[in-house]
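The values are calculated or read from the model by the stated rules, or taken from the named source; none is laboratory data. Keep in mind it's a predicted model, so treat the numbers as computed, not measured. Please note: Cβ atoms are built from the backbone with ideal geometry, for glycine as well, and neighbour counts cover all protein chains shown.
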Amino acid sequence: MSDFPLSAGGARRPLSGPRRALAAGALGVLGVVTALATTLPANAAASTLGAAAAQSGRYFGTAIAAGHMNDSTYVATWDREFNSVTAENEMKWGPIEPSRNSFNWGSADQIVNHAVSKGMKVRGHTLVWHAQLPSWINSSMSASDLRSAMTNHITQVMNHYKGKVFAWDVVNEAFADGGAVGTLRDSIFTQKLGNGFIEEAFRAARAADPNVKLCYNDYNIDNATAAKTQGVYNMVKDFKARGVPIDCVGLQSHFGNPPSNYQQNIAQFAALGVDVQITELDVGGSGSTQADAYRRVVQACTAVPRCAGITVWGITDKWSWRSGDTPLLFDGNFNKKQAYTSVLDALNAATPSTSPSPSASPSRSPSASPSASPSASPSASPTRSPLPGGCSATIKTINSWGGGFQSEVTVQAGSSAVNGWTVKWTWPSGQSISSLWNGRQSTSGSSVTVTNETYNGSIAAGASTTFGFTANGNAATPTATCTSP
Ligand code: 9MR
């Protein structure tokens, strides 16, 4: 697993969190407040946010808290105005997997089932984040234990919502505020797994579901030239160059004003071959100033074909995480604010979006520069000829539960380096693999064959690599054979 380039240099931004970003954003732009002069297209203007967004092939979503779903006005406003939803807290690691491999789906399912029954889209938020972790994830875990916990979490949660969630925030807020371009936030993930944890999470997510959009999501990456934005940009570029699966970037967009280069920022990410989603929009302020800031956000998104949709971080100011800033589109009594009208008008004036499905999107950007590959690239030397050499494989059970289990397979090179490997085994009693990562699987009856991915085929003499899978049935550790060409 290799890290993305962490180049030095770049402006330092002493930011420490979303709230700091708000202050910076509010100070940063004076803005010429222009009158709303949207040109409506020939077709009739839609009268709700979701319907207006849908005219250009986009969605307009909101964060929903299950705890408020007993409020009928809240649910009625959600149903009427929005065609996408993000669970505000219910899908986070702590709430959804409070004890290891024991999942509490109830609150998240409540939101998802309601959304599905209304034909709404669902954004999954979030699989790997340093905050709101369960207490069983702690510093006493070994790296391999944390890795298998992370992979299992990603796999189980994604499997549960397969076909219902269209995009996942696979990794949330991994970059540091301030520091050199590319600096990651210090977290249990960087401490135990290194910077490669982001790549590992995305690969596990793709293995779990090939048909869902995989997003990297963060705050303070709204300004095109900020160091934090550049770090994320470099990571996405590197992932595309090396074929690490990534389909979208989420700009949280908690601010008081969009930066003046916000549209340029959306466009620069889109040019890397990913969708951009505005994922947690809220804009502090009131009246025409707030309305104008909202309008500029919607116009920036709708000007870029691959800006696929917008989610606001709640419906009503009274239940916003920053309610003091009155940052949402409905006031505390669910009345539409001026900002609501400017958003609706801007959506109605939008030009169409283009957002290819994950499988249709190329895994490599044609313009990607191979020099973006990090020094730890697995194929060490292009001039090296394949060496003969044996390998061995050992299957270990990592986790098991009623009717299923998770295994890790270690592939070890013998006295010579290995360039490509194939591992085979036979299930003893009807087991079947449900998802496999870091390898390519082909199965015929009870016989399983797994070959290396492009990135883990080369193993130095005496070194090893691992792949993993989850399977149905009783945990088993059959003897596996390993061959290399
Ligand atoms: O809005 C969420 C709030 O209810 C939680 O208390 C908080 C916990 O960290 O998370 C809030 O949502 C955050 C989101 O998940 C990630 N980006 C920042 C959001 C606002 O803090």
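Cβ-Cβ distance below 6 Å, separation of 6 or more or different chains: which pairs start in segment 55-78 with a residue that is over 18 Å from HIS125 (Cβ atoms) and end on one that is within 12 Å of the ligand (Cβ to nearest atom)? Every condition considered, the pairs that remain are TYR74/HIS68.
Matching residues to (1) part of a strand (DSSP E or B); (2) surrounded by fewer than 23 Cβ atoms within 10 Å (Cβ to Cβ); (3) of a type outside the set (Asp, Glu):
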position	(1), (2), (3)
GLY67	no, yes, yes
ASN70	no, yes, yes
ALA76	no, yes, yes
ASP79	no, yes, no
THR86	yes, no, yes
GLY94	no, yes, yes
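Segment 413-459 holds strands (runs of 3 or more DSSP E) entirely within its bounds, and those carrying 3 or more residues that are more than 32 Å from the chain's Cα centre (by Cα) and modelled with pLDDT of 90 or more map to 422-426.
Considering the conditions (1) among the β-branched types (Val, Ile, Thr); (2) over 24 Å from GLN277 (Cα atoms); (3) more than 16 Å from the ligand (Cβ to nearest atom), ILE137 is excluded by exactly one of them, (3).
Can you pull out every residue in segment 435-465 that is hydroxyl-bearing (Ser, Thr, Tyr) and surrounded by fewer than 17 Cβ atoms within 10 Å (Cβ to Cβ)? Once the filter is applied, which keeps residues that are hydroxyl-bearing (Ser, Thr, Tyr) and surrounded by fewer than 17 Cβ atoms within 10 Å (Cβ to Cβ), segment 435-465 yields SER442, THR443, SER444, SER446, SER447, THR449, THR451, THR454, SER464. Pairs only if they're at least six apart or on different chains, beta carbon under 8 angstrom, first in segment 177-198 and free of Cβ contacts under 8 Å to residues at least 60 places away in the same chain, second among the β-branched types (Val, Ile, Thr) and assigned to a loop (DSSP other than H, G, I, E, B); list them, first residue then second. Listed by first residue and then by second, the contacts come to ILE188/ILE137. A residue that is buried (at least 22 other Cβ atoms within 10 Å of the Cβ), away from the ligand (no atom under 16 Å from the Cβ), at pLDDT 95 or above and of a type in the set (Gly, Ala, Ser) cannot be found anywhere in segment 313-326.
On inspection, ALA174 fails the criterion of being buried (at least 23 other Cβ atoms within 10 Å of the Cβ), at pLDDT 95 or above, closer than 25 Å to ASP109 by Cα and of a type in the set (A, V, I, L, M). Residues in segment 112-133 that are assigned to a helix (DSSP H, G or I) and either in contact with a Cys (Cβ under 7 Å, 6 or more places away or on another chain) or closer than 15 Å to LYS162 by Cα (or both): 4 in all. Screening the candidates ALA308, ALA293, ALA350, ALA346 for the property of being assigned to a loop (DSSP other than H, G, I, E, B), in contact (Cβ under 8 Å) with a residue 40 or more places away in the chain, surrounded by 17 or more Cβ atoms within 10 Å (Cβ to Cβ) and more than 16 Å from the ligand (Cβ to nearest atom) yields one hit, ALA350.
Scanning segment 433-468 for residues that are in contact with an Asp or Glu (Cβ under 7 Å, 6 or more places away or on another chain) and not charged (D, E, K, R) yields ASN438, GLY439, THR466, GLY468. Look at segment 219-232: where a residue is over 20 Å from HIS125 (Cβ atoms) and a partner is at pLDDT below 95 and surrounded by fewer than 24 Cβ atoms within 10 Å (Cβ to Cβ), sitting 6+ places away or on another chain with Cβ atoms under 6 Å, you get ALA226/ARG13; ALA227/GLY10; ALA227/ALA11; ALA227/ARG13; GLN230/GLY10. Screening the candidates LYS164, LYS121 for the property of being surrounded by fewer than 18 Cβ atoms within 10 Å (Cβ to Cβ) and either in contact (Cβ under 8 Å) with a residue 60 or more places away in the chain or more than 16 Å from the ligand (Cβ to nearest atom) (or both) yields one hit, LYS164. Selection over segment 255-273 of residues that are surrounded by fewer than 24 Cβ atoms within 10 Å (Cβ to Cβ) and either under 19 Å from the mean Cα position of the chain (by Cα) or among the β-branched types (Val, Ile, Thr) (or both) gives a count of 6.
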